[in-house]
Amino acid sequence: MLMEKLSDQGGDEETAALIGEAPVLQVGGAEPRELRFVFLLLPGFSNFSLQALREPLQQAQAYRGVSRGASRLVSLDGEPVKSGDGSICLVDCGPDEVEDFDYLVLCGGEHEPDIIPTKLGVWLRQAASRGKHIGAIESGCVLLARLGYLKGYRATAHWRFMSSLSEKFPHLQFESSLFEIDRDRFTCSGGVAGLDMMLELIAQEMSEDIATHCLNYFNQDRHRAGNEPQRVPGSPCTTGNNLKLKRAMAMIQNNLEEDLTAEELANMVGSSRRQLERLFRRFLGKSPMAYRQELRLWRARDLVMGTGMTITEVAFASGFSSNSHFSARFKMQFGMSPREARMTRENYEAA
């Protein structure tokens, strides 16, 4: 009945507007191009990050009149996959049943697997040899690095993996950015950054107008650029427009091993020590040195959880000169000692 009444009141576009459906975009009379994505779900994948990629893609395809079925959910064995939140996700098929695609995305989660399935390596080699775009999100970025598919490319990963990646792969070019698109490779830190990366791909492959439509559809006020920095632990909700504070925070983040004094830091950003300390306390609620120690502890946690380094090696790599002082601060920050944290990781992997 509703459709009949609306049909009497206007044409198709007017009807679509009244009932909240987006009219199909006609681009120069050309057939809408299918942008074919394959999302490979790894055990423990992040549901949130997956949907941040899929939802804008599906909206763009619907807007252009392309079937939402152009993209597939895949697992290595074709069986349902358990996500990081414990839910079970059905998939469309296994790798052998995928006909063709443009983009392959390794969808990971909070933890990287110790063992890389042989089938994954085979499929990636086939995709690379056929010139397909290969990318990843969350721990999937770590797998691409381990398999050698990021050599010679700019890449990123979630900040919790960055310390261990820098230790394991010093020859790779990792950026502390939201996402990176470099020729036929793309990597994303995860979370909401997946939406930003997909909007960028939509703008490149379809049009800026379609990307803007998706931006509006999801009530986002802006499309963040890939080279914008990730929000690391301790980041305030806002720093206002204070460039000196932002520069000081970046200086600390990029020089965690250095024992810069507050005076030296202030001179480097063109401020006085007292002014800089006031800015840190106003926006972060802590001094510059306390902010540095918090970042060092998060770096240490990443190394404890993501590498085989000894606790003593982690302490020195994170800027702590005393093992006992490091362990005490670590327990104060995370509620467990470094050794207990490592055991937690090992127990999770065993389960």
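The values are calculated or read from the model by the stated rules, or taken from the named source; none is laboratory data. These numbers come from a predicted model, not from an experiment. Counting neighbours? That spans all protein chains shown, and the Cβs are built from the backbone with ideal geometry, glycine included.
Checking every residue in the stretch 145-156 against the condition of being of a type in the set (A, V, I, L, M), touching a Gly at 6+ places or on another chain (Cβ under 9 Å) and touching a residue at least 24 places away in the same chain (Cβ under 8 Å) gives at least one match. Take Thr238 and decide whether it is among the hydroxyl-bearing types (Ser, Thr, Tyr), at pLDDT 90 or above and surrounded by fewer than 14 Cβ atoms within 10 Å (Cβ to Cβ). So Thr238 does not fit the description; no. Cβ-Cβ contacts under 6 Å between residues 6 or more apart (or on different chains), taken from a first residue in the stretch 48-66 that is more than 17 Å from Leu104 (Cβ to Cβ) to a second residue that is basic (Lys, Arg), are listed as Gln58/Arg68; Gln61/Arg68. Those helices (runs of 4 or more DSSP H) of the stretch 1-85 in which 1 or more residues are under 23 Å from the mean Cα position of the chain (by Cα) and modelled with pLDDT of 95 or more occupy 47-63.
Among the residues making up the stretch 282-295, those that are within 28 Å of Phe161 (Cα to Cα) and charged (D, E, K, R) are Lys286, Arg292, Glu294.
Residue by residue, here is whether (1) among the aliphatic types (A, V, I, L, M); (2) surrounded by 15 or more Cβ atoms within 10 Å (Cβ to Cβ); (3) in the same structural domain as Gln61 (by TED's automatic domain parsing) holds:
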site: Asp196; (1), (2), (3): no, yes, yes
site: Glu200; (1), (2), (3): no, yes, yes
site: Gln204; (1), (2), (3): no, no, yes
site: His223; (1), (2), (3): no, yes, no
site: Glu228; (1), (2), (3): no, no, no
site: Ala250; (1), (2), (3): yes, no, no
site: Leu279; (1), (2), (3): yes, yes, no
site: Lys286; (1), (2), (3): no, yes, no
site: Leu303; (1), (2), (3): yes, yes, no
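Going by the conditions given, is Glu97 modelled with pLDDT under 95, surrounded by fewer than 18 Cβ atoms within 10 Å (Cβ to Cβ) and more than 22 Å from Ser189 (Cα to Cα)? For Glu97, the condition - modelled with pLDDT under 95, surrounded by fewer than 18 Cβ atoms within 10 Å (Cβ to Cβ) and more than 22 Å from Ser189 (Cα to Cα) - is met.
Taking the stretch 208-221 as the range and being in a helix (DSSP H, G or I) and surrounded by fewer than 14 Cβ atoms within 10 Å (Cβ to Cβ) as the test, the residues that pass are Glu208, Asp209, Asn216. Kindly check whether there is at least one residue in the stretch 204-223 that is small (Gly, Ala, Ser), more than 21 Å from Phe45 (Cα to Cα) and touching a residue at least 12 places away in the same chain (Cβ under 8 Å). Yes, some residue in the stretch 204-223 is small (Gly, Ala, Ser), more than 21 Å from Phe45 (Cα to Cα) and touching a residue at least 12 places away in the same chain (Cβ under 8 Å).
The residues of the stretch 153-167 that are among the polar types (S, T, N, Q) and surrounded by fewer than 21 Cβ atoms within 10 Å (Cβ to Cβ) amount to a single one, Ser166.
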